[in-house]
Amino acid sequence: MKSDKKINTDLEFVQSSMERLSGIDPYLNSLKNVLNVVILKYLNEPGKSSDLKGFYYASHTYSRIYQSFINWAIDTLSVSVSERQLELKNLLAEITAKLIAEIWDYPFRLNADVLEIKKKIQAGETLERKIGTLQLEIDRALLTKITTAIQQFSTTMTNFT
């Protein structure tokens, strides 16, 4: 898949790279809000039913955020750049790979946790009301590589044709 977007200068590339990086945080914050506020709001209290419409809303929002991370990676990879800029472009796309995998795996881990809790309750055990958490972190080593590469481009700005 090739994009119509072509980056023509190192300056444009650096600016675009910095914009791409700053675009990740809003998705992370939205996802943390869905998991830490919205889902807990609709989770049942002992003796009360869960709010299924609320869970539907939370699930739909979760999937939209997941899709946004995938689109972010695809958009990053599909920009046409020079050979010199290719490595940094690939590093930028890689930064979301771990996040995408964690977001994908979380519902399956959560389901396994719920089934385990159900077994324990059926066995008569008393449990704390605790659901699995999703800790999304940007790979700091990769972020350092990207930051270093952006700084190198910033100091050696040259146009290419």
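The values are calculated or read from the model by the stated rules, or taken from the named source; none is laboratory data. Treat the numbers as computed from the prediction; the structure is a model and nothing was measured. A quick note on method: Cβ atoms are made from the backbone with ideal geometry, for glycine too, and the neighbour counts reach across all protein chains shown.
Side notes on the structure shown:
- Filter result (assigned to a helix (DSSP H, G or I), surrounded by 12 or more Cβ atoms within 10 Å (Cβ to Cβ) and β-branched (Val, Ile, Thr)) within the stretch 115-143: 117
- Of all residue pairs spaced 6 or more apart or on separate chains, those with beta-carbon atoms under 8 Å, a first member in the stretch 134-161 that is over 15 Å from residue 21 (Cα atoms) and of a type in the set (Phe, Trp, Tyr) and a second member that is at pLDDT 80 or above and not in a helix (DSSP H, G or I) are 160/9; 160/82.
- Scanning the stretch 14-73 for residues that are without any contact (Cβ under 8 Å) to a residue 40 or more places away in the chain, assigned to a helix (DSSP H, G or I) and among the small types (Gly, Ala, Ser), we see that the one that is farthest from residue 96 (Cα to Cα) is 54.
- Summed over the stretch 78-120, residues that are farther than 15 Å from residue 24 by Cβ and touching a Lys or Arg at 6+ places or on another chain (Cβ under 7 Å) total 4.
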